[in-house]
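What follows is a single structure, written as structure tokens, with notes after it.
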Amino acid sequence: MKLFLSLLLLLVPVLNKAGSGIPALAPEKECDLYSFLNLSKNGLASEVFQLAIKGHLKLETDCKLRNSDILTIVDFSQSSKNKRLYVIDIKHKTLLFNTYVAHGRNTGDEYARHFSNVSGSFQSSLGFYVTKEQIFGYNVGLSLILDGMEKGFNDNALKREIIIHGADYATENFIRKTGRLGRSYGCPSLPPELVKPVVETIKEGTCLFIYYQDAFYLSHSTLLN
């Protein structure tokens, strides 16, 4: 009997951990990964990264992700002249891509300011998405469908046809001519030469987080609160 109780006491922490639904990446690991990848040098704030990890782990716990190794972050708090899209391989601790990404026409000029979940707004939408399959659009070529996971913030993404696609206005050359990136109809548009490698990397069930320091979103997101 004493032997049974001793074994049970040893197993309790393991059982608790297994049944708690706690994701694999602990808070200290977040800091380790952020520092290891030197993301601050690439312009991504630690606070933004931590929010992305928090939502990513919630989606993973809820079995929404087919591939939880990859996390994409779009930081619209930065100037459009910055390389503000980050594709991170969490498993292998690698920053795979860091490049330009355009915001919606009515979201702002150089800086993003306004966001919407409404069709026809020509604005970007905040929050967490799960990537779906790639498609080939008649006007924009190779693209990636995005499914918004946050009601009221981006859950109209499929209806609005919000996709990742390439655009000539999302290039360094465009910045040299105009002082900022061009703008989309609400899609996170990338430099044309990077669409294929990025789409191939993040397609079919990975997490995408579009961030801006919007107080209402940050306090009402069900994935962050």
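The values are calculated or read from the model by the stated rules, or taken from the named source; none is laboratory data. This one's a predicted model, so the numbers in the text were calculated from it and none came from an experiment. So basically every Cβ, Gly included, is an ideal-geometry build from the backbone, and we count neighbours across all protein chains shown.
Can you name the condition, by its number, that Val140 falls short on among (1) of a type in the set (Val, Ile, Thr); (2) surrounded by 24 or more Cβ atoms within 10 Å (Cβ to Cβ); (3) at pLDDT below 95?
So the condition that Val140 fails would be (2).
Identify all residues within the stretch 62-74 that are loosely packed, with under 14 Cβ neighbours inside 10 Å and not charged (D, E, K, R); write none if there are none.
Hit for the stretch 62-74 is Cys63, nothing else.
Do the conditions hold for Leu208, that is, is it of a type in the set (A, V, I, L, M), under 21 Å from Ile90 (Cβ atoms) and surrounded by fewer than 21 Cβ atoms within 10 Å (Cβ to Cβ)?
Spelling it out, it is not the case that Leu208 is of a type in the set (A, V, I, L, M), under 21 Å from Ile90 (Cβ atoms) and surrounded by fewer than 21 Cβ atoms within 10 Å (Cβ to Cβ).
Considering only the stretch 76-88, state which residues are under 13 Å from Leu39 (Cα atoms), surrounded by fewer than 24 Cβ atoms within 10 Å (Cβ to Cβ) and of a type in the set (D, E, K, R).
Correct list: Lys83 only.
Yes/no matrix, rows are residues, columns are (1) at pLDDT 65 or above; (2) touching a strand residue (DSSP E or B) at 6+ places or on another chain (Cβ under 6 Å):
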residue	(1), (2)
Pro27	no, no
Glu30	yes, no
Leu37	yes, yes
Ala45	yes, no
Gln50	yes, no
Gly55	yes, yes
Lys64	yes, yes
Gln78	yes, no
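Return the only residue of Ser119, Ser189, Ser184 being more than 26 Å from Glu60 (Cβ to Cβ), of a type outside the set (Asp, Glu), touching a helix residue (DSSP H, G or I) at 6+ places or on another chain (Cβ under 7 Å) and modelled with pLDDT of 95 or more.
Going through Ser119, Ser189, Ser184 in turn, the sole match is Ser119.
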